[in-house]
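Quick note: the coordinates plus some simple rules give every number you see, no bench work behind them. Computed from a prediction, not measured in an experiment: that's the story for all the values here. Neighbour counts run over all protein chains shown; Cβ positions are idealised from the backbone, glycine included.
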Amino acid sequence: MNSWVTLTASLVVLLSIASLPLLKNHYFLNWRPWWSSNSVVADLLVTNGTIYTSDDSLPFADSMAILNGRVLRVGNYSSLKDLAGYGTEELNLEGKVVVPGFIDSHVHLLSGGLQMAQVELRGMNRKDEFVIKVKEAVASKLSC
């Protein structure tokens, strides 16, 4: 009976250890040792790249820590290591460049410019002035 209990317990421990990699991305594995001063753990560390920050005090960095899709900290790798936990993934950029997102307002410059030339809106400071100008332009187009 005693050897059966020992064998069963050993098997449970072995299976538990073997299944740990399957749980890698579970939130509860982003633990910190009790002696750590930092309680925040990043989901992702982006390393070994050129990251443009658009901040005059640090225009470029080589690493970035991210938690829940938000940037926690940007800097060199050694300044971000304290944000890594057991479940933190690391993405090696291999020298690639990261820049902030660009928003395409999708303006067709030629036709947009021609439309602006048809109604003079420069110098409009108030909404009522703008509305009057647009109404006048529409009325003149309808009368043609």
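Would you order Ile17, Ile66 from fewest to most other beta-carbon atoms within 10 Å of each residue's own beta-carbon? Can you show the working numbers first?
Working: Ile17 9, Ile66 19.
Placing the least packed residue first, the sequence is Ile17, Ile66.
I'd like the per residue volume of the convex hull spanned by the Cα atoms of the stretch 55-144, given in cubic angstrom.
210
Using a cut-off of 12 Å between beta-carbons, work out the net charge of the residues near Val46 (Lys and Arg +1, Asp and Glu -1, Val46 not included). Can you show the working numbers first?
Working: positive: Arg73, Lys96; negative: Asp43, Asp62, Glu89, Glu90, Glu94.
Spelling it out: positives minus negatives among the neighbours equals -3.
Tally Lys and Arg at +1 and Asp and Glu at -1 over the other residues with C-beta under 13 Å from the C-beta of Ser143: what net charge comes out?
On the way: positive: Lys135, Lys141; negative: Glu136.
My count for the surroundings of Ser143 gives +1.
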